[in-house]
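To start, the structure under review is shown below, and the notes come after it.
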Amino acid sequence: MPPHSWAGIQWLGAAALLLLALLLRSGVVLLAAGLCALVAGVVALWRRFGLSQLTYERRFDQGRCFAGETVTLTVAVTNRKILPLTYLVVEESVPVALEVESRRLHFQSRARGRLRMRFTMGWYQRVERRFTVRATRRGAYRLGPAVVTAGDPFGWAEQRMEVGPSDLLIVYPRTLPLEEVGLPARRPFGDLASRDRLFADPLRFAGVREYRPGDPLNQVHWKATAATGKLQVRLLDPSASLGLAVFLNTWSYDHFWEGDDPDALEAGITLAASIVAWAHEHALPVGLYANGLVYGWGFSLRLPPARGDGVLVQALEGLARLQTGSPQPLWQLMAAEVPALSYGTSLVVITRQVGADLAAAILRAQRSGRPVTLVLTGPEAEPAPDLPGVRVYRVGGEEGLHGAALAQ
């Protein structure tokens with residue numbers, strides 16, 4: 001029955017008892033009428049002011065963490081009025097990837113559960129509760145919306161309000177040593193040091209020196225030659241400063257509408273994060289590209305090679321926000337981004353399987369002076385492509401990256 005119907009019945013009952021008391025001249029009936037009117041007034045008061053001057057807040061002690069780590073969730077309810085609340089229930093919507101320790105979530109959907117909390121609030125009181133939350137997998141998560149329900153002491157009337165989503169919690173993917181994900185610990189992408197002397201970037205000017213026999217004439221610096229009176233040539237930065245560019249394919253099959261292989265995708269993301277962390281540890285410039293939707297950022301992940309702690313943090317954040325559903329295949333992303341990479345940059349392509357278009361893009365990159373390493377995250381049944389000159393690893397299956405990353 002709607003709350004206003006209960007209110008009408010309560011006041012009608014009080015009026016009927018009052019009329020009966022006057023007719024019978026009965027003090028007992030008059031007292032009952034007064035009590036009925038008092039109850040009706042209390043219920044009306046709680047219905048009118050129960051949720052006024054009431055706030056509900058929640059916050060994490062940190063906005064970012066790695067998968068497998070725990071954060072502290074603090075929820076706070078503040079009653080800024082003289083009217084106490086004997087019955088207050090908060091139902092918070094929580095992603096299933098965030099496990100609230102020592103609490104059982106009520107079912108809401110496959111992706112979310114409900115955390116139910118009960119409070120009793122005095123006048124001008126603030127109550128805080130803290131929960132330990134374990135982030136079980138990478139992603140970008142929000143709590144909420146939450147539903148706050150307040151009732152009168154008799155349980156006859158309830159009032160509800162909805163509180164919007166919380167601030168974002170970014171959960172970074174795990175980073176593992178390369179030997180734990182099926183790649184060799186030493187020189188996983190070839191001999192970068194020896195190859196660096198073979199490639200020089202014509203756009204990176206490092207200085208001049210005197211001409212030596214065998215120097216190419218197109219590197220002669222004519223202004224320096226005129227100023228010194230001796231033949232001078234340009235010095236170019238070797239490709240030691242060019243590092244790695246990681247390309248991650250979020251498509252599990254040749255077409256994005258064919259569906260996803262979540263295990264292969266998460267394995268690829270963990271692998272990409274581990275390679276970026278490895279490059280950062282070895283002071284190599286590293287870039288990251290992925291043909292997936294990036295929550296809050298855009299339609300693809302494009303981070304050109306660079307050095308520094310900020311690069312690692314930005315790459316981990318991009319991988320945490322990465323989602324499937326992009327209509328752009330990886331070979332199109334490579335066609336747009338590879339020509340902009342410096343000569344000698346090593347490419348690492350991570351994919352579940354390789355179609356004809358992606359194979360052609362890999363070979364074009366390889367022939368353009370940018371060595372390619374291909375890492376397959378699909379099952380053993382997926383055939384490995386024949387790509388001359390391309391180093392190929394397979395890290396899928398129980399013994400590879402799936403076992404290392406998903407078993408944790």
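Computed from the coordinates by the stated procedures, all read-outs in this text should not be read as laboratory data. Small disclaimer: the values here were computed from a predicted structure and weren't measured. So basically every Cβ, Gly included, is an ideal-geometry build from the backbone, and we count neighbours across all protein chains shown.
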message = Ranking request for peptides 108-114, 288-294, 46-52, 92-98: highest mean number of other beta-carbon atoms within 10 Å first, then the rest in descending order.
response = 288-294, 92-98, 46-52, 108-114
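In cubic angstrom, how much convex hull volume per residue do the alpha carbon atoms of segment 132-176 span?
Convex hull of Cα atoms, per residue: 95 Å³.
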query = Assuming a viscosity of 1.002 mPa s and a temperature of 20 °C, what translational diffusion coefficient in µm² per second does Stokes-Einstein assign to segment 54-172, Rh being the Kirkwood radius over Cα pairs?
reply = 143
query = Where both partners of a DSSP beta bridge lie in segment 245-355, what percent of those bridges are antiparallel, to the nearest 5?
reply = 45
note = For 337-343, 347-353, ranked highest to lowest by mean beta-carbon neighbours within 10 Å, the order is 347-353, 337-343
query = D254 to Y295: extension gain in nm, 0.36 nm per residue of separation minus the Cα-Cα distance?
reply = 12.4 nm
query = Tell me, what does the Kirkwood hydrodynamic radius of segment 304-379 come to in angstroms if you use every pair of distinct C-alpha atoms?
reply = 13.8
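What does the charge count around L168 come to, taking other residues whose C-beta lies under 15 Å from its C-beta (Lys +1, Arg +1, Asp -1, Glu -1)?
Working: positive: R58, R59, R64, R138, R142, R321; negative: D61, D167, E317.
Net charge in that neighbourhood comes out at +3.
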